[in-house]
Amino acid sequence: MDAFLLQILNGLDKGSAYALIALGLTLIFGTLGVVNFAHGALFMLGAFTAVSLNRLLTLSHEVVDESRVDFLGNPTRVEVRYVEDWFGEAVGGAIVDWSVPLAILAAIPIMALIGLAMERGLIKYFYKRPHADQILVTFGLAIVLQQFVKYVYGANPIPMPAPEAFRGSFDFGVLLGFDPFTIMYPYWRLVYFGFGLVVIAAVFSFLQFTTYGMVVRAGMADRETVGLLGINIGRRFTVMFAIAAVVAGLAGVMYTPIVSPNYNMGMNFLVLSFVVVVVGGMGSLPGAVLAGFLLGILESFASMSAVTNVIPGINQVIIYLVAIVVLLVRPRGLMGRKGVMED
C-alpha cells in the first residue's frame with residue numbers, strides 16, 4: 001500500500017509538469033492553430049530565468065573584515081553579497097534562499113515579452129501554412145534557443161536548491177496512519193504539485209469567468225463570427241500566446257530544484273507533452289490537464305522495479321504505447337472535439 005501511494009505522489013509532480021506544458025501547447029493550438037515545437041524551449045527559458053536571478057542575487061564584492069586577521073596580523077578580506085550589504089545579512093540571506101520562488105516575479109514579464117516577440121516576429125507568418133511548416137520552423141527556433149543557452153550557461157546541469165524550509169521530506173506514513181518513515185516525500189515536490197494546481201485553476205478561471213476569456217473561447221469556437229462583431233480577435237490570441245509562454249516559463253522556474261536546469265531540458269519534456277496533448281485531445285484544455293496527470297502517474301508506476309524487472313524498458317515507452325491505443329480507439333483523444341484528427 002505504501003509503495004502504491006508513493007508512486008501516485010511521484011506521478012502527480014511529474015504530471016504537473018506535463019499538464020502545465022501541455023496546457024500552454026493547447027492554448028496556442030486552440031487559439032492560433034499553430035503546432036509550436038518551441039514550447040519546450042519556453043519551459044527551459046523559464047528555468048534559466050531562475051538561474052539568472054540566483055546568479056544576480058549572489059553577486060559579491062570583497063570587503064575588509066577587521067574582526068579577523070591572517071597569520072601576519074593583517075585584516076582578512078572576505079566576499080560579501082551585495083544584497084547582504086543593502087538589506088542586512090539576515091534579510092539578504094533570506095532573499096538568496098528564496099531565489100526560486102522570487103524568480104516567479106521576474107519570469108512573468110520576461111516570458112510574456114518572449115512570447116509576444118516569438119509570435120509577432122516569427123509565428124504570425126506561418127498561421128496559414130501547413131502544420132509541417134509550423135513544426136519545422138518552431139523546432140528550428142527551439143534548437144537556436146537551446147544552443148544559445150548552452151553557449152551562455154554551459155552544457156553542465158546547474159544545481160538550484162529549494163528554500164531551506166522546503167528541503168526536507170514529509171512523512172505521509174504518520175499522516176495516513178502507517179508506520180513512520182514508510183512514505184517519505186520531498187516537500188518541494190508537494191509544493192510543485194500545489195503550484196501546478198494553482199496555475200491551472202488560474203488559467204481556467206481566466207477563460208471561464210472573465211469577459212476577455214469568454215471572447216477568447218468564442219474565438220476558438222468560431223473566429224470569423226467574433227471578428228464580424230468588430231472584435232480584434234487576433235490581438236487577443238496574441239495575448240493568449242504570451243500567457244501560454246508565461247505558463248511554460250513558470251513551470252520551468254519551479255521545476256529547477258527538482259531537476260537541475262540544463263540546455264536540453266526543454267526537449268526532454270517537449271515530445272512527451274505533445275503526446276499528452278494528443279492523448280487528451282487537440283485543442284481540449286481539460287483533456288490536456290487530465291492526460292498530463294494520468295500519464296504522469298502511469299509513467300511512475302511503469303518505473304517501479306517490480307514492473308521493469310518483468311518488462312525491461314517499459315517505463316521508457318509506456319506513454320507512447322498508451323497514445324497508440326488511445327488514437328486507435330478514439331482518434332480525437334480522450335476529450336477532443338468531434339472531427340479533430342478524425343476522418
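The values are calculated or read from the model by the stated rules, or taken from the named source; none is laboratory data. Since we're looking at a predicted model, the values are computed, not measured. In this analysis, Cβ positions are derived from the backbone assuming ideal geometry, glycine residues included, and neighbour counts consider all displayed protein chains. Each accessible area value is taken on the protein alone, full model and side chains, heavy atoms only, with ligands, DNA and RNA left out. Shrake-Rupley method; radii C 1.70, N 1.55, O 1.52, S 1.80 Å.
Relative contact order for the stretch 227-343: what percent, with Cα pairs under 8 Å and sequence separation of 6 or more?
25 percent
Run the numbers for Ala165 and Gln147: contour at 0.36 nm per residue of separation, minus the present Cα-Cα distance, in nm.
Here the segment from Ala165 to Gln147 would lengthen by 3.0 nm.
For the stretch 71-176, which semi-axes, largest first and in whole Å, follow from the square roots of 5 times the eigenvalues of its Cα gyration tensor?
41, 24, 16
On the accessible surface of the chain, probed at 1.4 Å, how many percent belong to carbon and sulfur atoms?
Accessible surface attributable to carbon and sulfur in the chain totals 66 percent.
Please express the Cα-Cα pair-distance distribution P(r) of the stretch 93-154 as a list of whole percents, one per 5 Å bin, running from 0 to the bin with the greatest distance.
4, 14, 15, 19, 18, 12, 8, 5, 3, 1, 0
Work out, in µm²/s and without decimals, the Stokes-Einstein translational diffusion coefficient of the stretch 1-154 at 25 °C, 0.890 mPa s, Rh from Kirkwood over C-alpha pairs.
This corresponds to a translational diffusion coefficient of 127 µm²/s.
Under a 1.4 Å probe, what is the accessible area of the stretch 168-327 per residue, stated in Å²?
Averaged over the residues of the stretch 168-327, the accessible area is 44 Å².
Between 0 and 90 degrees, rounded to the nearest ten: what's the tilt of helix 187-209 against the longest Cα principal axis of the chain?
The two axes meet at around 40 degrees.
What distance in nm separates the two pseudo spin-label positions at Val317 and Leu228, each 7 Å out from Cα along the beta-carbon direction?
5.1 nm
Given the alpha-carbon gyration tensor of the chain, what are the semi-axes of its equivalent ellipsoid in whole angstrom, ordered largest first, with each equal to the square root of 5 times an eigenvalue?
That gives 39, 28, 18 Å for the three semi-axes.
Report the Stokes-Einstein translational diffusion coefficient (µm² s⁻¹, integer) for the stretch 70-127, Rh taken as the Kirkwood radius over Cα pairs, at 37 °C with viscosity 0.692 mPa s.
215 µm²/s
Quick one: helix 99-121 against the long Cα principal axis of the chain, what's the angle to the nearest 10°, folded into 0 to 90?
Long axis of 99-121 versus the principal axis of the chain: about 40 degrees.
Largest first, please: the extent of the C-alpha atoms of the stretch 223-343 along each principal axis, to the nearest Å.
Principal extents (Cα only, largest first): 61, 39, 19 Å.
Rounded to whole Å and sorted largest first, what semi-axes of the equivalent ellipsoid does the C-alpha gyration tensor of the stretch 106-231 yield via the square root of 5 times each eigenvalue?
39, 26, 13
Give me the number: length gained by fully extending Asn309 to Glu89, i.e. 0.36 nm times residue separation minus the C-alpha to C-alpha distance, one decimal in nm.
Taking 0.36 nm per residue and subtracting the Cα distance, the gain is 74.0 nm.
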